[in-house]
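What follows is a short report on a single structure.
The values are calculated or read from the model by the stated rules, or taken from the named source; none is laboratory data. None of these values were measured; they are calculated from a predicted model. Cβ coordinates were reconstructed from backbone atoms using ideal geometry, including for glycine residues, and neighbour counts include every protein chain displayed. The accessibility values were calculated without ligands, DNA or RNA, using every heavy atom of the protein model including side chains. Shrake-Rupley method; radii C 1.70, N 1.55, O 1.52, S 1.80 Å.
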There are 2 protein chains.
Amino acid sequence: MNNKKRHIIEVAFSLFYQKGIHAVGINEIIKTASIAKKTLYNHFVSKDELIIATLIYRDQLELTHLKFKLEQAEIGKDALLALFELLDDFINHRDTTLGNFRGDYFNNSCAEYGQSNQLVYATCQSHKEAIKNIIQTHINAFEQNPEKNQFLVNTLCLLKEGVINQALVQGDTNSALDATACVENLLRFKR
Amino acid sequence: MNNKKRHIIEVAFSLFYQKGIHAVGINEIIKTASIAKKTLYNHFVSKDELIIATLIYRDQLELTHLKFKLEQAEIGKDALLALFELLDDFINHRDTTLGNFRGDYFNNSCAEYGQSNQLVYATCQSHKEAIKNIIQTHINAFEQNPEKNQFLVNTLCLLKEGVINQALVQGDTNSALDATACVENLLRFKR
DNA sequence: TTAACTATAGACCAACTTGTCTACTAAGGG
DNA sequence: CCCTTAGTAGACAAGTTGGTCTATAGTTAA
């Protein structure tokens, strides 16, 4: 990946994430990135392509970061708690890798486009699926009963989604801790 | 409230909700509503004012509907389960009052505007607060321990938020049922 | 009847949108 | 040294945006 191209993607992501995609124009992106318009259109055929590129960029960043954090914990329950620790750090701006918290970029993008941009939708969906799979892996480490296993996966995904939204809309900076309490409760007899 | 004004709000809400606020222009609204542009600007000084009006409209619609549903259940645990039943109906298009499911209008609006429109943000926040208060009331009916009480309120709010987002982004039509299972689990010993 | 009000249709404006294109410059390799 | 590549600056086109304004028509109440 070209340095220039990556720079454009990073600047575009940052603006899209903070202000919303529709609210940010090409002109603002090139001005912020200090590049010529032609340079942008040399790397991306359209704004739509750039949007998808930012989604893929963020997908990789978040997954890499998440995997790194989880590897530092024991597989299973501890790793699941580490996930919510990570969310807590993200929400309370203690995590420089993920940048200033403004909700989940994928949720926000879906909210903005809905069914009217299928590619955006599909990219967001696959990101969520990847995270779900990670959660699944760690639950597999201690819960063999298929029904309970499924129940835990679904519930933890719900809580994770809830945490981010509660923090964004309600400004609830404790939401990850609330979820942690709930997760500990759910896993109490499983250690 | 004027009939015409209400009609404009309903049409605008419907379009905003389905396509996103930025994606819908004034011209599309007046065309869909079959009104003249002057009529719209006779009732609202700006698009921003119309946006806020749709948020207030939806806030009242959802709260009225929710209160009506909960009144048909026993105060306490049953009412809380009824809340998630309502979400399930909403997500699976079995509830004509709330219209075609496209996530939570307030979440979507916040996702689209973020901190760049304080009035939108505040309106969304107060809507969420109102729902939280309803949940609080019903938990008060059976849980006197302040800590446990608070824990239940927070967790149920998280689950509620999670359900809507999981359904929107992941297309998970069972998310409300998953949450119901979790809520039943949490309240099992409290009946 | 007349006056006041509210509606309609749509021209119009200024600003902004995405995207193209020209003209020019700097760097690097054969 | 020249040629290619990748960059810059920014004018420009075509369309859309929110919002204003004029001209006209229908309704209602004094």
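Sort out which residues of region A:86-131 are part of a helix (DSSP H, G or I), under 21 Å from A:Q72 (Cβ atoms) and not small (G, A, S), and write them in order of number.
Initially, region A:86-131 is screened for residues part of a helix (DSSP H, G or I), giving A:86-91, A:105-116, A:118-131.
With the extra rule that they be under 21 Å from A:Q72 (Cβ atoms), the set shrinks to A:86-91, A:130-131.
A:L86, A:L87, A:D88, A:D89, A:F90, A:I91, A:I131 - these are the residues of region A:86-131 that are part of a helix (DSSP H, G or I), under 21 Å from A:Q72 (Cβ atoms) and not small (G, A, S).
Just one of A:L55, A:L66, A:L70, A:L15 is away from DNA strand D (no atom under 16 Å from the Cβ) and in contact with a Cys (Cβ under 8 Å, 6 or more places away or on another chain); which is it? Reasoning before the result, please.
On the way: A:L66 fails: in contact with a Cys (Cβ under 8 Å, 6 or more places away or on another chain); A:L70 fails: in contact with a Cys (Cβ under 8 Å, 6 or more places away or on another chain); A:L15 fails: in contact with a Cys (Cβ under 8 Å, 6 or more places away or on another chain).
Just a single option satisfies the conditions, and that option is A:L55.
Of all residues in region A:23-52, which are surrounded by 15 or more Cβ atoms within 10 Å (Cβ to Cβ) and either in contact (Cβ under 8 Å) with a residue 60 or more places away in the chain or small (G, A, S) (or both)?
Answer for region A:23-52, where residues must be surrounded by 15 or more Cβ atoms within 10 Å (Cβ to Cβ) and either in contact (Cβ under 8 Å) with a residue 60 or more places away in the chain or small (G, A, S) (or both): A:A23, A:A33, A:I51, A:I52.
Can you tell me which residue within region B:145-171, out of those that are part of a loop (DSSP other than H, G, I, E, B) and open to solvent by 30 Å² or more (accessible area, probe 1.4 Å), is farthest from the other protein chains (Cβ to nearest Cβ)?
So the first thing to find is which residues in region B:145-171 are part of a loop (DSSP other than H, G, I, E, B), and the list is B:145, B:170-171.
Within this subset, residues satisfying the condition of being open to solvent by 30 Å² or more (accessible area, probe 1.4 Å) are B:145, B:171.
Numbers: B:N145: 14, B:G171: 7 Å.
Checking each candidate, the answer is B:N145.
Given the criterion at the interface with chain B (Cβ under 9 Å from one of its Cβ atoms) and without any contact (Cβ under 8 Å) to a residue 24 or more places away in the chain, identify the matching residue among A:A181, A:A122. Outline the logic, then answer.
Numbers: A:A122 fails: at the interface with chain B (Cβ under 9 Å from one of its Cβ atoms).
Of A:A181, A:A122, the one residue that is at the interface with chain B (Cβ under 9 Å from one of its Cβ atoms) and without any contact (Cβ under 8 Å) to a residue 24 or more places away in the chain is A:A181.
If the Cβ limit is 6 Å and pairs must be 6+ apart or interchain, which residue in region B:155-172 that is under 19 Å from A:T173 (Cα atoms) pairs with which residue that is open to solvent by less than 10 Å² (accessible area, probe 1.4 Å) and β-branched (V, I, T)?
Note: pairs meeting the criteria are B:L156/B:I135.
Return a yes/no flag: does region A:99-107 have any residue that is buried (at least 20 other Cβ atoms within 10 Å of the Cβ), closer than 20 Å to A:V163 by Cβ, more than 14 Å from chain B (Cβ to nearest Cβ) and away from DNA strand D (no atom under 16 Å from the Cβ). Working first, answer last.
The initial filter retains those residues of region A:99-107 that are buried (at least 20 other Cβ atoms within 10 Å of the Cβ), namely A:104-107.
Still in the running and closer than 20 Å to A:V163 by Cβ: A:104-107.
Add one more test, that the residue is more than 14 Å from chain B (Cβ to nearest Cβ), and what stays is none.
So far as region A:99-107 goes, no, none of its residues is buried (at least 20 other Cβ atoms within 10 Å of the Cβ), closer than 20 Å to A:V163 by Cβ, more than 14 Å from chain B (Cβ to nearest Cβ) and away from DNA strand D (no atom under 16 Å from the Cβ).
If you go through region B:1-22 one residue at a time, how many are surrounded by fewer than 17 Cβ atoms within 10 Å (Cβ to Cβ) and either touching a helix residue (DSSP H, G or I) at 6+ places or on another chain (Cβ under 9 Å) or outside any helix (DSSP H, G or I) (or both)? Walk me through how you get there before you give the answer.
Quick first cut of region B:1-22, residues surrounded by fewer than 17 Cβ atoms within 10 Å (Cβ to Cβ) only: B:1-7, B:10, B:18, B:22.
Now narrow it down to the ones that are either touching a helix residue (DSSP H, G or I) at 6+ places or on another chain (Cβ under 9 Å) or outside any helix (DSSP H, G or I) (or both): B:1-2, B:4-7, B:10, B:18, B:22.
Result for region B:1-22: 9.
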